[in-house]
Every structure is written in C-alpha cells, then in structure tokens.
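Step one of this worksheet: look at the structure below.
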Amino acid sequence: MSCLVSRLRYYSNITKNDEKLILELEKEEIEYKTRTTLNLYEQKNNLFILKSGWLYRYADLQDGRRQVLRVHYPGDIIGLTDIAMCETLGDIATATDVTLCPFQKKHLDKVFIQSPRLTALIFSLGMLEEAILLDRITMIARNNAVNRVANYMLELYSRQKIHTNNTVFTTFNMPLTQDVIADALGLTNVSVSNAFAQLKQENKILNHRKKITILDPDKLKKDLNFIDRFFEIDTSWFPNA
C-alpha cells in the first residue's frame, strides 16, 4: 500500500483511478542512510514521495546557525510548496534511513488533467504544511522554552495519530535529535533538555529512548491552545470524484 494513498484516504475518498495515478509517481525508489544531506538544488525539477523514514527541511542562516523548517513523514510529498519556484528554499537531511520516490514535477500533469478532486487534495496538503509552519512561528513568538517543546511534541503526535487505529494512542517514535528540535524552535540543546526534564516533572511528557509519551494529550492541547491542523481539512469545495 502506498503511504501517500493511505494519507490521502484519511481526508477524502480515493478512486481506483486516483490510486493508479499516485502509484505511477512511485515507480522509482532511492534509499538514503540516516544523517544524509540531499542537495535539492541539484534536483530542483523533482518532487519526492517519502515512502519510509523521517527527514527534515532546513535553511542555513548567515550567522552559521540552522533553522529547521519542517519535518517530513511517510506519505508526505517533498518539495510540494516549492513547486512554483525556480529555486528551492534550504535543503533536506535524513533523521532516519529513508526511502524516497522521486518524480519530475511535469508528471503531475496527468493528475491535474484526469482528477480535479485529487488535484484539490494535493493542493490542500501543501497549504496544510504552510498553515502548520505559520502556527509554529506564532507559537515561538509567544511561548517559553517549555511550552515550545510541548507544543512541538503535540505537532509530531498529531501527525502520527492520523495513521493509527489505537484509540488510546499516547506514545510514538520520535527519532529527532535534541539539536534538530532546538533548531526548529529557536532554542539551545540545553534549553530543550531542561524543558523535557520539567515536562517530565510536571507529568506531561516523557522522553525515553527515542519515544515520546504524552500523558494526557487532550488536556495538554487545551492548556496550550493547540490547534490540531492534521485532524481534518475542509473538503466541501472539492470537485466531485
């Protein structure tokens, strides 16, 4: 089963023809080891479907620091928000071993021509990524280190929750290193470590051996005014299948 098809089906019905169009984009596979940097500029005419593993998008700042912009999970289309750009923003590094399915941008023409509903759904996923990034920027401007880390863990939790049938889902894999989390939130490694220690002390979040446990997700969401963008999207305007 295609991870992208599985993700799309969470939000809307996918016809057999839609599934076929997606699978045609996943014919080629490339594997990368963890801590590998992908030079997107050299492949700026390509998009990628992430079939397995985690990777993250980042930009190098003038002062030598790094800003992590977004994390990608299985089922994501890498480069979707760059599709109209002649240049790519930043680069990508793998957080785990990953499998990518590269395809040229122009191959989306079949999707656009044959399935307006699938086109609307893919467009919406790109807008979803932008909304989440804007949420994070706003959150960083208004919160201390502890709340930033807690909010970010809720973001990772919410993305993975849509792919589980576990009604009491509270624990998930989290392979990101502390420096990646710090670079995503404008913090230092020490402040991230201290934030996890305080969240553990307050019985909110446990961080152990690359696994995160959120002890009461609903309460934490309420306390932080967290908006779960992944839970649903507005499909009322989509063309008919």
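For the chain, modelled as a Gaussian network with Cα springs under 10 Å, which listed residue fluctuates most, 221, 27, 51?
Residue with maximal mean-square fluctuation among 221, 27, 51: 27.
Order the following by accessible area, largest value first: 7, 229. Probe radius 1.4 Å; ligands, DNA and RNA are ignored.
229, 7
Looking at the chain as a GNM with Cα springs under 10 Å, which of 61, 215, 118 has the largest mean-square fluctuation?
Of 61, 215, 118, the most mobile in the Gaussian network model is 61.
Ignoring any ligand, DNA or RNA, what whole percent of the accessible area of the chain comes from carbon and sulfur when the probe is 1.4 angstrom?
C and S atoms contribute 50 percent here.
To the nearest 500 deg cm²/dmol, what mean residue ellipticity at 222 nm is calculated for the chain from DSSP H runs of n ≥ 4 alone, each contributing -39,500 (n - 2.57), summed and divided by the residues?
Calculated mean residue ellipticity at 222 nm is -12500 deg cm²/dmol.
As a test question: what accessible area, to the nearest 10 Å², does residue 117 have when a 1.4 Å probe is rolled over all protein chains in place?
It works out to around 50 Å².
List residues of segment 55-95, by number, whose backbone nitrogen lies under 19 Å from a label position 7 Å along Cα→C-beta of residue 162.
Within reach of a label on residue 162: 55-57, 69-83.
Need the C-alpha centroid separation for segment 158-212 versus segment 1-66, integer Å.
23 Å
Please give the per residue accessible area of segment 41-108, computed with a probe of 1.4 Å over protein heavy atoms only, in Å².
45 Å²
Scan the chain and report its longest stretch carrying no GluC sites (Glu not before Pro) that are both in a DSSP loop and have at most 15 other Cβ atoms within 10 Å.
88-201
Protein chains only, probe 1.4 Å: how do 115, 52 rank by accessible area, largest first?
Reading off the accessible areas and sorting them downward yields 52, 115.
Roughly what angle does helix 16-25 make with the longest principal axis of the chain, taking Cα atoms, 0 to 90 degrees, to the nearest 10?
Roughly 80 degrees, rounded to the nearest 10.
Only Cα pairs within less than 10 Å get springs; with that Gaussian network setup on the chain, which residue of 113, 92, 77 has the largest fluctuation?
Most flexible of the set in this elastic network: 113.
Give the accessible surface of segment 129-239 per residue, rounded to a whole number of Å², with probe radius 1.4 Å and ligands, DNA and RNA excluded.
55 Å²
Tell me, which longest segment in the chain has none of the chymotrypsin sites (Phe, Trp or Tyr not before Pro) that fall in DSSP loops with at most 12 further Cβ atoms within 10 Å?
It works out to 1-230.
The values are calculated or read from the model by the stated rules, or taken from the named source; none is laboratory data. Since we're looking at a predicted model, the values are computed, not measured. Because the Cβ atoms are built from the backbone with ideal geometry, glycine has one as well, and the counts that use them run over all protein chains shown. Surface areas here come from the heavy atoms of the whole protein model, side chains and all, with no ligands, DNA or RNA. Shrake-Rupley method; radii C 1.70, N 1.55, O 1.52, S 1.80 Å.
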